[in-house]
Amino acid sequence: MTTTLTQEEKSSMTLKLKDKIALVTGGTRGIGKAIAELYAQEGAQVIITGRAASNETASEINSTLAPETGKVHYKSCEMGDRAAIDALVSSILTEFGRIDVLVNNAGITNDQLFIRMKDEDWTNVMNVNLNALFYLTQPVVKAMSKQKGGAIINMSSVVGLHGNPAQVNYATTKAGILGFSKSIAKEYGRRGIRVNVIAPGFIQTEMTDKLPEEIQNKYKENIPLGDFGSAKDVADAALFLAASSNYITGQVIQVDGGLFM
Ligand code: NAD
């Protein structure tokens with residue numbers, strides 16, 4: 001007997017993250033938004049977070065998705081707040097039952113020359129970029145251990161590998177993410193949890209839009225591929241690490257147009 005599948009059934013069979021539950025922090029704009037959109041297009045239920053009580057990004061993305069794909073859901077969560085993060089993870093586990101993919105994407109800069117850097121410039125960046133990583137990854141790893149599997153993708157930066165003037169605070173957090181990720185990859189590999197890092201170079205988002213144009217042009221001169229990357233370029237790497245890389249863990253993928261090789 002032959003069964004004829006509808007076009008919708010055929011395309012849903014090829015979705016790379018069909019019915020997976022993915023949490024993307026800071027998914028309201030920029031790189032996180034592009035990851036959320038791509039994951040939902042590939043069939044995942046994606047929870048994005050931001051600081052505001054409500055946000056339009058989820059409904060904006062959902063309005064563009066085909067019926068057989070996944071959906072994006074918004075939850076408010078201040079990333080520096082351990083109690084808020086615990087509540088976020090509990091609410092996702094109650095509502096969706098599991099977390100298959102975690103993308104620790106939320107991050108901030110607070111640039112200042114080192115000798116002028118104030119304590120709060122340092123502490124704020126540590127809190128969002130590094131403390132939140134610890135607060136959130138811990139309960140998620142607990143859940144993934146019970147599930148016997150999961151993929152974690154942590155957003156570093158080429159600055160964490162190579163340093164950058166006026167970004168001692170930011171570069172320190174982005175370097176810290178490497179040691180954090182490799183240690184968890186070693187500790188939880190046997191539970192089926194893979195942990196990898198993406199280190200973007202210059203990506204066109206509101207974060208890099210803050211740079212003066214002449215500085216942007218100067219950076220572009222040193223990029224072999226000749227331009228800043230797009231958020232979608234980073235999302236493509238995040239999809240690969242979530243869905244098509246079963247034997248890859250503890251690695252750092254640079255998405256930087258060849259800036260550092
Ligand atoms: P962005 O500033 O456009 O977006 C950051 C996201 O994080 C937003 O959704 C914001 O709401 C969220 N966020 C920030 N502080 C938060 C807080 N306290 N609580 C909750 N959410 C908070 O940034 P982007 O350019 O999309 O960068 C995303 C990640 O990629 C960051 O970790 C960044 O360091 C990294 N990165 C970006 C570039 C680049 O060129 N854009 C390069 C290297 C690394």
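A few points about this structure:
- Of the residues making up region 71-109, those that are polar (S, T, N, Q) and surrounded by 17 or more Cβ atoms within 10 Å (Cβ to Cβ) are Asn104, Asn105, Thr109.
- Note on region 200-236: residues that are open to solvent by 40 Å² or more (accessible area, probe 1.4 Å) and under 23 Å from Leu23 (Cα atoms) total 7.
- The number of residues in region 51-70 that are open to solvent by 20 Å² or more (accessible area, probe 1.4 Å), among the aliphatic types (A, V, I, L, M) and within 13 Å of the ligand (Cβ to nearest atom) comes to 2.
- Residues of region 133-160 that are without any contact (Cβ under 8 Å) to a residue 40 or more places away in the chain, under 30 Å from Leu259 (Cα atoms) and not β-branched (Val, Ile, Thr): Gly160 alone.
- Yes/no for Asn124 being open to solvent by 30 Å² or more (accessible area, probe 1.4 Å), within 11 Å of the ligand (Cβ to nearest atom), modelled with pLDDT of 95 or more and not hydroxyl-bearing (Ser, Thr, Tyr): yes
- Test result for Leu239, surrounded by 15 or more Cβ atoms within 10 Å (Cβ to Cβ), among the aliphatic types (A, V, I, L, M) and within 16 Å of the ligand (Cβ to nearest atom): yes
Matching residues to (1) open to solvent by less than 20 Å² (accessible area, probe 1.4 Å); (2) within 19 Å of Gly26 (Cβ to Cβ):
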residue	(1), (2)
Phe134	no, yes
Ser157	yes, yes
Gly176	no, yes
Gly179	no, no
Arg194	no, no
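The values are calculated or read from the model by the stated rules, or taken from the named source; none is laboratory data. Model, not experiment: these values are computed from the prediction. We place every Cβ from the backbone using ideal geometry, glycine too, and count neighbours over all the protein chains shown. Remember, those area values only see protein heavy atoms, side chains included, never the ligands or the DNA or RNA. Shrake-Rupley method; radii C 1.70, N 1.55, O 1.52, S 1.80 Å.
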